[in-house]
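The structure appears right after this line, and notes come after that.
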Amino acid sequence: MVENVSKWFGDVVAVSDVSFSITPGVTALLGPNGAGKSTILRMLCGLAGPSQGRVLVLGDNPRTERLLTSRIGVAPQQETMFESLRAERFVELSAILHGLDDPPAAARAAIELVDLDPDDTRPLATYSKGMRQRVKLAQAVVHDPSIILLDEPLTGLDPRQRLDMVALFHELGDRGRTVIVSSHVLEEVERFGSDVLVIAQGRLAAQGDFRALRDLMDDRPLRYRLRTNRPRQLVAALLAQELVSGVQLSEDADGPLVIIDTDDVGGLRRQVAPVAISIEATMSELVPLDDDLESVFRYLVGGQ
């Protein structure tokens, strides 16, 4: 449970008055780079304390309750590793630190779980980005934790590896684990099909089922750049059809330029071509200017 939590570093506010609770299963922590996702994960595992508010994990304060470390697994975003070690030895060290009865056996099982070869003799320095991500996940789950915190774990994986990793997240969630996965890529989170916490500018912008959030994102206003040989006539026709809510006419090195705002994204996409044909206008470009993750967060924050 995170209750009215803020975290600041000097004059920089990284997290601002965030509250949420998470149940077992997979939860996505979605937000652009610098939104505060890593800071939240650090507070959940006790590596950082809140400047204000309360953080409770399994009913205890992760900053002060040392026994919680045996129930939390962390795969950080940072790539720092003992480059000269083999993957099996690296994961085994994590098992030793957690005081497991049979560290070598636990390490082998964790490495096999993430689809790597525990008998691979190559040092970690030779591993690809994707392989390193899987090694980090192996060391995070080697002690069979109840809470698993994964910071951008899909970075560097190829499409097949991403699918396998997402399936593994859900397998762990189905076993009753609480898996929190951070990402700044909307399409990645869409594959999770799970609950989502949207973090923007250090604030909780939205929370809930991804499908409902996806619908909200699809319905948000959009801005487009439009190029046509008959800009004024086409704009007038679009306004008459109530397909646009705002217009800016200008010109650049490539010629006449129209910036349009619309609240009816689907209607504009369906009707702009027929409208252009009806007035004998030729369109050379129709490009969304804010159909990206950053604009989604700005919209969600602005809507609060």
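Among the residues in the range 96-106, are any closer than 24 Å to VAL181 by Cα and charged (D, E, K, R)?
Of the range 96-106, the ones closer than 24 Å to VAL181 by Cα are 97-98, 106.
With the extra rule that they be charged (D, E, K, R), the set shrinks to none.
Among the residues of the range 96-106, not one is closer than 24 Å to VAL181 by Cα and charged (D, E, K, R), which makes the answer no.
Taking the conditions exactly as written (of a type in the set (A, V, I, L, M, F, W, C), modelled with pLDDT of 85 or more, assigned to a strand (DSSP E or B) and closer than 16 Å to ALA240 by Cβ), does ILE260 satisfy them or not? Lay out the reasoning, then the answer.
Values: of a type in the set (A, V, I, L, M, F, W, C): yes; modelled with pLDDT of 85 or more: yes; assigned to a strand (DSSP E or B): yes; closer than 16 Å to ALA240 by Cβ: yes.
It is true that ILE260 is of a type in the set (A, V, I, L, M, F, W, C), modelled with pLDDT of 85 or more, assigned to a strand (DSSP E or B) and closer than 16 Å to ALA240 by Cβ.
Can you name the helices (runs of 4 or more DSSP H) wholly within the range 115-224 that have at least 3 residues being at pLDDT 90 or above?
Values: elements: 129-141, 159-174, 186-192, 210-218.
Of the helices (runs of 4 or more DSSP H) lying wholly inside the range 115-224, those with at least 3 residues that are at pLDDT 90 or above span 129-141, 159-174.
Starting from residues that are surrounded by 17 or more Cβ atoms within 10 Å (Cβ to Cβ) and farther than 13 Å from ILE180 by Cβ, keep the ones in the range 33-48 and report whichever is modelled with the lowest pLDDT.
ALA35
Considering the range 72-91 alone, what residues qualify as being more than 17 Å from ASP151 (Cβ to Cβ), buried (at least 17 other Cβ atoms within 10 Å of the Cβ) and in contact (Cβ under 8 Å) with a residue 40 or more places away in the chain? Break it down stepwise before answering.
Residues of the range 72-91 more than 17 Å from ASP151 (Cβ to Cβ): 82-91.
Imposing the further condition that a residue be buried (at least 17 other Cβ atoms within 10 Å of the Cβ) reduces the set to 86-88, 90-91.
Hits for the range 72-91 are ALA87, PHE90, VAL91.
Among the residues of the range 92-104 satisfying the criterion of being over 30 Å from the mean Cα position of the chain (by Cα) and under 15 Å from LEU67 (Cα atoms), which is surrounded by the fewest Cβ atoms within 10 Å (Cβ to Cβ)? Quick ask: steps written out before the conclusion?
The initial filter retains those residues of the range 92-104 that are over 30 Å from the mean Cα position of the chain (by Cα), namely 96, 99-104.
Adding the requirement that they be under 15 Å from LEU67 (Cα atoms) leaves 99-100.
Working: GLY99: 9, LEU100: 18.
Looking at the filtered set, the residue picked out is GLY99.
Which of the residues spanning the range 11-38 are within 13 Å of ASP151 (Cβ to Cβ) and either without any contact (Cβ under 8 Å) to a residue 60 or more places away in the chain or among the small types (Gly, Ala, Ser) (or both)?
Taking the range 11-38 and keeping what is within 13 Å of ASP151 (Cβ to Cβ), we get 28-31, 33, 35-38.
The answer is ALA28, GLY31, ALA35, GLY36, SER38.
If a residue has to be surrounded by fewer than 15 Cβ atoms within 10 Å (Cβ to Cβ) and either among the aromatic types (Phe, Trp, Tyr) or touching a Leu at 6+ places or on another chain (Cβ under 9 Å) (or both) to count, how many in the range 271-283 make the cut? Steps first, answer last, please.
First, pick out the residues of the range 271-283 that are surrounded by fewer than 15 Cβ atoms within 10 Å (Cβ to Cβ): 273-274, 277-280, 282.
Filter once more, keeping what is either among the aromatic types (Phe, Trp, Tyr) or touching a Leu at 6+ places or on another chain (Cβ under 9 Å) (or both): 273, 279.
Within the range 271-283, residues that are surrounded by fewer than 15 Cβ atoms within 10 Å (Cβ to Cβ) and either among the aromatic types (Phe, Trp, Tyr) or touching a Leu at 6+ places or on another chain (Cβ under 9 Å) (or both) number 2.
Identify, please: which residue in the range 162-185 is surrounded by 18 or more Cβ atoms within 10 Å (Cβ to Cβ) and within 19 Å of GLY34 (Cβ to Cβ) and is, among those, nearest to the chain's Cα centre (by Cα)?
First pass over the range 162-185, keeping only residues surrounded by 18 or more Cβ atoms within 10 Å (Cβ to Cβ): 162, 165-166, 168-169, 172-173, 177-184.
Going one step further and asking which of them are within 19 Å of GLY34 (Cβ to Cβ), we end up with 180-184.
Details: ILE180: 10, VAL181: 7, SER182: 5, SER183: 2, HIS184: 4 Å.
Filtering the range 162-185 for residues that are surrounded by 18 or more Cβ atoms within 10 Å (Cβ to Cβ) and within 19 Å of GLY34 (Cβ to Cβ), the one nearest to the chain's Cα centre (by Cα) comes out as SER183.
The values are calculated or read from the model by the stated rules, or taken from the named source; none is laboratory data. All of these numbers come straight from a predicted model, not from anything done at the bench. Backbone-built Cβ (ideal geometry, glycine too); neighbour counts: all protein chains shown.
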